[in-house]
């Protein structure tokens, strides 16, 4: 996953800033093995999303993916999913 982030031009420091300052825009309570969330934020003038899974039993956060939201899937606010 780290390699893929770097290919997309997303550094570890950007991800950390996103996790600290971003806004939860979606919750996936039924995800397995842990519930997950999608975080939206602007980091260094770039809009990013991160999907993370949270294991509350040991207070661990797993980064599933980090990406730049695509206009094909998101409205102009980059937060709202387009209706299919």
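All of the numbers you see were taken from the coordinates with simple rules; none came from a lab. Because the structure is predicted, anything quoted here is derived from the model rather than measured. Using ideal geometry, Cβ is built from the backbone for each residue, glycine included, and neighbour counts are taken over all protein chains shown.
Selection within region 53-84: residues that are in a loop (DSSP other than H, G, I, E, B) and touching a strand residue (DSSP E or B) at 6+ places or on another chain (Cβ under 7 Å). The member of this set that is nearest to residue 10 (Cα to Cα) is 68. Within region 5-23, the residues that satisfy the criterion of being over 13 Å from residue 42 (Cβ atoms) and without any contact (Cβ under 8 Å) to a residue 24 or more places away in the chain are 6, 7, 9, 11, 12, 13, 16. Among the residues of region 1-29, those that are part of a loop (DSSP other than H, G, I, E, B) and surrounded by 16 or more Cβ atoms within 10 Å (Cβ to Cβ) comprise 10, 22.
Among the residues of region 35-49, at least one is surrounded by fewer than 16 Cβ atoms within 10 Å (Cβ to Cβ), more than 15 Å from the chain's Cα centre (by Cα) and part of a loop (DSSP other than H, G, I, E, B).
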